[in-house]
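Here's the structure we're looking at; comments come further down.
The values are calculated or read from the model by the stated rules, or taken from the named source; none is laboratory data. Here the structure is a predicted model, which means the values were calculated and not measured. Neighbour counts run over all protein chains shown; Cβ positions are idealised from the backbone, glycine included. Areas reflect the complete protein model, heavy atoms only, side chains present, ligands, DNA and RNA absent. Shrake-Rupley method; radii C 1.70, N 1.55, O 1.52, S 1.80 Å.
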Amino acid sequence: ARRHGVDARRARPRAVLRRSAGRGLPPGTPRGYRRAAGLPVLPALVAHDRPTSRFAWNALLAAVRAHPASRSVAIAVARSPAEVARAAAAALADGRRPVVGWSFYTASAAAVAAELAAVRAAVPDPRVLHLAGGAHATGAPEATLRAGFDLAAVGEGEETLPRVLAALAGGGDPR
């Protein structure tokens, strides 16, 4: 299963919420402890890995892991709206704030808006933050927000995504 010189089995990991060792709390700490103790709720990134944005996520996830303020963020890679909804629900159950990342081109904007609507219907929790990035969000941020996204990242996601996650981890507002 090699495609363009890349082993597809390694390039596309399964959708799994990875718990990071940098959580800052001892193992066995009850869920909801951070909120009850007045600590910021840690984010969890759900990367919606669509076929048209597959290789963008390699660079974005590497940037998240390299940034000191976002390297402890839990990451899930999801390949369908159903997987996105499951990963977001799992993050909520784990006491984290899900940030669903969407990267797409204008040609797929209508399909992505429909997928966003399906995920919002499956997980209607307002704590789930939907962040759009990529060529469409950069070129048409207002239209991206009108499509239902909470944030539209304009410019290089390798710089923006770690800053958004770091702001949330610090208890701030990424807007």
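List of remarks:
- Matching residues in region 50-77 - criterion: being more than 22 Å from ALA166 (Cβ to Cβ) and open to solvent by less than 20 Å² (accessible area, probe 1.4 Å): SER53
- Filter result for ALA140 (closer than 21 Å to ALA85 by Cβ and of a type in the set (Gly, Ala, Ser)): no
- Taking every residue in region 93-116 that is more than 11 Å from ARG50 (Cα to Cα) and pairing it with any residue that is of a type in the set (Phe, Trp, Tyr) and open to solvent by 20 Å² or more (accessible area, probe 1.4 Å), at least 6 positions away or on another chain, the pairs with Cβ-Cβ distances below 9 Å are GLY95/TYR33.
- Any pair with Cβ under 7 angstrom, 6 or more apart, that starts in region 53-75 at a residue that is part of a helix (DSSP H, G or I) and ends at one that is open to solvent by 40 Å² or more (accessible area, probe 1.4 Å) and not small (Gly, Ala, Ser): ALA59/GLU158; LEU60/GLU158; ALA63/GLU158; ARG65/ARG71
- Scanning region 149-173 for residues that are touching a strand residue (DSSP E or B) at 6+ places or on another chain (Cβ under 8 Å), open to solvent by less than 30 Å² (accessible area, probe 1.4 Å) and not aliphatic (A, V, I, L, M) gives PHE149, GLY157, THR160.
- Filtered residues of region 125-140 (kept if part of a loop (DSSP other than H, G, I, E, B) and open to solvent by 60 Å² or more (accessible area, probe 1.4 Å)): PRO126, ARG127
- Of all residues making up region 124-147, the number that are in contact with a strand residue (DSSP E or B) (Cβ under 7 Å, 6 or more places away or on another chain) and closer than 15 Å to VAL100 by Cα: 11
- Single unsatisfied condition, ALA47 versus (1) open to solvent by 20 Å² or more (accessible area, probe 1.4 Å); (2) over 19 Å from ASP173 (Cβ atoms): (1)
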